[in-house]
Structure formats: structure tokens, C-alpha cells
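Okay, so here's the structure we're looking at.
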Amino acid sequence: MSKLGIGVLGVGAMGKRHAENIRRLVPQARLIAVADVAAEPTRRVAAELEIEHSFASLEEMLERKDIEAVVIATPDKFHSQDIQAAAAAGKQILCEKPLALNLADAHAALEAVAKAGVQLQMGFMRRYDPGYSSAMRRIEAGEIGEPVVFKSIGRDKDAPPISSYASRLNGMLFYNNTIHDFDLARWLMRDEVKEVQAYATVAIRPEVAEFGDIVAGVVNLKYGRGAIGNIESYVQAVYGYDVRTEIIGSKGSILVGSLQQTPVTFLTGEGGTQILASYFLDRFEDAYVAEVEDFVDSMLRDRAPRISGKEGLRALEIAVAAEQSYIQSKACTVGHAG
Ligand SMILES: NC(=O)c1ccc[n+]([C@@H]2O[C@H](COP(=O)([O-])OP(=O)(O)OC[C@H]3O[C@@H](n4cnc5c(N)ncnc54)[C@H](O)[C@@H]3O)[C@@H](O)[C@H]2O)c1
């Protein structure tokens, strides 16, 4: 089987990791180029990974015939337009979350993908995490019976600088962070969220309100078959990067995630300490590799990706309803258009 030629768009924290993984850890893929509007990091990443080609725009990169697939890791605001451009050029696509920042852009992206007859995989890498994927296997095997309650926590360690809010390049907390939990909420419960009720706060950093953002949010969920759920997101836990989920069923529960990054506890006269996860790239290190491996495998076998663009749309619909619920101070129905 020949290798899949890939170009990575965006060489920030996420795009650089994807490029490194493709270059070093996915033998079925060949990293052909990286592209980014920022010249210096693009040159640096290309040199570090010993690849010949780097570009200042997606359009230039798309001209290469040996690039069959594009990994999109630009800021959230550009995902829809980048998907549309890559699809029009006939490239297969792995796009970071969220699919888009509004439903019109999301539909435009999915229509472009359908029209071009290419594949789109969404970057919901948590589904590839060993903990989350084994939870799913056990849920599918019926080990906890009928899932009744979904609970999830997503806390970043340090809040972004105010300049990153001011740039307005990324979606507010529900779109940029909670979107992972909205995806898990559907996937692990094997049901659709029909209604949400969100509370959010700008306490401790009121200036983020000016940019339409929040520092913490809780979203209650009501499912189609009668289950319920709750998701908490927080931008600055301070102590670490803390992602945990619980699925409570009629015959048992599953707890995914732990505060510990490494299974070691240091005990001294002053007490005990542990090494806590502090960064998404460490906590989900294996998942990012498995995600790209699976994308490459699906593309080489001409198989639909495991996490389609439609899954990206469903999670986005929950984020949109959550934002509406917060703004309108009432429960909101989740729209399932198309
Ligand atoms: N799946 C995950 O766990 C996860 C984690 C972090 C980030 N992300 C997502 O990945 C994306 C990138 O996040 P990041 O943390 O790497 O951000 P970042 O700010 O570190 O990097 C973004 C890069 O995109 C480049 N860029 C900006 N506009 C561009 C354009 N029009 N064309 C080409 N390049 C452009 C910037 O120069 C920068 O190098 C975001 O959508 C984010 O939500 C996903």
C-alpha cells in the first residue's frame, strides 16, 4: 500500500504536534509540507522535521499533487473556509475541532465536502484515548447497563492571555473547550442531547465578557431517551489540566481520567505529592497519534472516517444551544438540522 501524502496547515501548538506525529510515528503517511501565515515558525518546523516544502498559505500548499490529505490546525475561525478550500482542491481532510463557529459555516463546510466527494474527519481525539475508548467498548458490551447520567469536567491549567481573547480567532469556551465534552456526551451515551441549560460566569476575570467569553460554565443536558448529564468547564484550574468523565448506568459506572499524569506518589515528612497532568499535549499524547493513524488508515483503505463531519456538526449544535441558553437564561432545545 502506498503512503498517504499529507500537508499540515497551521504550525502552532496543535499543528506542530500533528506534523511531528505524521513525520515520525505514522509510517503509512508522508509529511510533504507545512503551511502557516507566520513565516518564521513555518520555516523552523520544516527544518526541524527535515521536510523540503513550506508555504505561506493553504492555497499554495493545495497546488501540490502529491498532497492527498490536509490536516487543518488553524484557529477555530478559519476551519470552515479551510475545509471548503481543501475540499475544492480534492484533498481528504482531518480538521481540528470545532467544525466551525456557527451553523451556517458548518453547513457550508459539509456541503463543500459532499460536493467534492472527499472525506472529512473531525479532531475529537479523546475518542482515541485508551481510557475513553475502553469505556466505550464496555458501554457497547452492556457492562454498565443503560447509561443514565453523564458527568464531565474539563479544566485547563492556565487561562489564555487577554490578547488571545482580543484576537477573536477562537470560539468562546463552549466552542473551543467544552466541544470535546459535548462530543463525548453524545458518543459515550449513544444518544442525542435534546435540551441544554447553561450557567456561566466571568467572575475572577470580568474583562473577558467584552469578548463574548466566560471563564467557567456548567451545562445541564437532557437526552432523547431520558438520560441526563452535566458538564463543567473552567479555564484556569491552576493545579493542572484536569479532564475526567463519569458514565453512570443501570448496572454500574465508569470513571475515566485521573488527576495524575504519572502513577507515582512522593511521600515525605511534609506530606505527599503527585505529578499532575498539566497540558493537553501530554495528557492526550497517545490519542493524537492514534487519531492520525486511524485517519491515514481510513484514507488509504478508502473507508469513511470514524468521526465524520456530521459528528462535528452535532457537537457544534450543542455548543450553539448552550451559548443561547446562557445568553437567554433559559433551557434551549438543541437543533438537529440535516
Ligand atoms: N484537539 C485538541 O485537543 C486541541 C488542542 C489545542 C488546540 N486545538 C485546536 O487546534 C487549532 C489550533 O490551535 P493551537 O493551539 O495550535 O493554536 P496556535 O495559536 O498555537 O496556532 C495556530 C497557528 O495557525 C496559524 N494561522 C493563523 N491564521 C492562519 C491562516 N489563515 N492560515 C494558516 N495559518 C494560520 C498561526 O500563525 C499559528 O501558527 C484550534 O482550532 C484549536 O481549537 C485542538
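The values are calculated or read from the model by the stated rules, or taken from the named source; none is laboratory data. As the structure is a prediction and not an experimental result, all values here were calculated from the model. Cβ: placed from backbone, ideal geometry, glycine included. Neighbour counts: every protein chain shown. In case anyone asks, the SASA skips ligands and DNA or RNA and just uses the protein heavy atoms, side chains included. Shrake-Rupley method; radii C 1.70, N 1.55, O 1.52, S 1.80 Å.
What to note about this one:
- So Arg225, is it outside any loop (DSSP other than H, G, I, E, B) and among the basic types (Lys, Arg): no
- Flag for Ser152 being within 16 Å of the ligand (Cβ to nearest atom) and exposed (fewer than 15 other Cβ atoms within 10 Å of the Cβ): no
- The numbered conditions (1) surrounded by 14 or more Cβ atoms within 10 Å (Cβ to Cβ); (2) farther than 23 Å from Ala109 by Cα; (3) more than 15 Å from the ligand (Cβ to nearest atom) are all true for Val296 except (2).
- Failed condition for Ser233, given (1) away from the ligand (no atom under 16 Å from the Cβ); (2) open to solvent by less than 50 Å² (accessible area, probe 1.4 Å); (3) in a strand (DSSP E or B): (1)
- Unique residue being surrounded by 16 or more Cβ atoms within 10 Å (Cβ to Cβ), assigned to a helix (DSSP H, G or I) and away from the ligand (no atom under 11 Å from the Cβ) when the list is Ile6, Ile32, Ile22, Ile51: Ile22
- Residues considered: Asp158, Asp191, Asp183. Of these, the only one that is part of a loop (DSSP other than H, G, I, E, B) and either under 23 Å from Val215 (Cα atoms) or open to solvent by 40 Å² or more (accessible area, probe 1.4 Å) (or both) is Asp158.
- Of everything in the stretch 92-126 that is closer than 23 Å to Ala13 by Cβ and assigned to a loop (DSSP other than H, G, I, E, B), the residue that is most open to solvent (accessible area, probe 1.4 Å) is Leu101.
- Residue pairs meeting the criteria (Cβ under 6 Å; at least 6 apart or on separate chains; first touching a residue at least 12 places away in the same chain (Cβ under 8 Å) and closer than 20 Å to Arg126 by Cβ, in the stretch 81-106; second part of a helix (DSSP H, G or I) and of a type outside the set (A, V, I, L, M, F, W, C)): Cys95/His79; Pro98/Asp76; Pro98/Tyr175; Leu99/Gly312; Ala100/His79; Ala100/Ser80
- Qualifying residue in the stretch 82-101 (condition: within 18 Å of the chain's Cα centre (by Cα), away from the ligand (no atom under 12 Å from the Cβ) and within 28 Å of Gln197 (Cα to Cα)): no
- When Asp76 is tested against (1) within 11 Å of the ligand (Cβ to nearest atom); (2) open to solvent by 20 Å² or more (accessible area, probe 1.4 Å); (3) within 16 Å of the chain's Cα centre (by Cα), only condition (2) is not met.
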